[in-house]
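The values are calculated or read from the model by the stated rules, or taken from the named source; none is laboratory data. All values reported here derive from a predicted model rather than from experimental measurement. Cβ atoms come from the backbone with ideal geometry, glycine included; neighbour counts cover every protein chain shown. Ligands, DNA and RNA are excluded from the accessible area calculation, which covers all protein heavy atoms including side chains. Shrake-Rupley method; radii C 1.70, N 1.55, O 1.52, S 1.80 Å.
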Amino acid sequence: MTEEEIKAEIILDHYRNPRNYGKLENATSAITEYNPICGDTVHMQILFEGNAVRDAKFIGRGCSISQASASMITEMIKGKTVDEVMAMKKDDFLSVVGFNLGPAREKCALLSFNAVEKLVKGYKK
Ligand code: FES
């Protein structure tokens, strides 16, 4: 299996069995990101406690990349400090989700990244 095939399998697995999907009852911050071109959405909810992301969940609908990347980012940020999440770079996230995503597919993957970035920046203020 090539590295690209492995990443495709991982995306499919997250799409079919999304991690941290659902309503986070005690969320301290939430935001909905929306792609106006296709209508796909990611509603990201985070429970901040002190300087940490205690919990994160999402609800969404859309393409496999947008939904799988939302699942993946919730796994990545849970338990991290706010500063660690703020230090996450867009390109690093894209390389985790998959390489050779064209510009349109990058937008799919970045819906959840942008949601998390806005929530963390808002919390930090
Ligand atoms: Fe809409 Fe992927 S096609 S976010």
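Annotations
- Cα-centred dipole magnitude for region 1-101, charges only on beta-carbon of K, R (+1) and D, E (-1), debye, nearest 20: 340
- Per residue accessible area of the chain, 1.4 Å probe, in Å²: 54
- Dipole magnitude of region 47-125 about its Cα centre (Cβ charges: Lys, Arg +1; Asp, Glu -1), debye to nearest 20: 280
- Per-residue ellipticity at 222 nm, computed for the chain from helices alone with -39500 (n - 2.57) per DSSP H run of at least four residues, works out to -16000 deg cm²/dmol.
- Those aspartates and glutamates that a straight Cα-Cα span of less than 17 Å connects to Lys121, excepting residues fewer than 8 apart in one chain: Glu33, Glu49, Asp55, Asp83, Glu84
- Of the chymotrypsin sites (Phe, Trp or Tyr not before Pro) found in region 94-125, those in coil by DSSP whose Cβ has at most 14 other Cβ atoms within 10 Å are Phe99.
- Measuring nothing but how far apart in sequence close Cα pairs (under 8 Å, 6+ apart) lie, relative to its length, the chain scores a relative contact order of 28 percent.
- With a threshold of 24 Å on the Cα-Cα distance, the over-threshold entries among Lys7/Lys118; Lys78/Lys118; Lys78/Lys125; Lys23/Lys89 are Lys7/Lys118; Lys23/Lys89.
- Farthest toward the positive end of the dipole of the chain, out of Val120, Ile73, Asn26, is the Cα of Asn26, where the dipole comes from beta carbon charges about the Cα centre.
- Length released on extending from Ala27 to Asp13, taking residue separation times 0.36 nm less the Cα-Cα span: 2.5 nm
- Those residues of region 63-99 whose amide nitrogen sits under 17 Å from the label point placed on Arg54, 7 Å along Cα→Cβ: 77-83
- Histogrammed with a bin width of 10 Å, the alpha carbon distances of region 1-117 distribute as 15, 48, 31, 6, 0 percent, first bin at zero.
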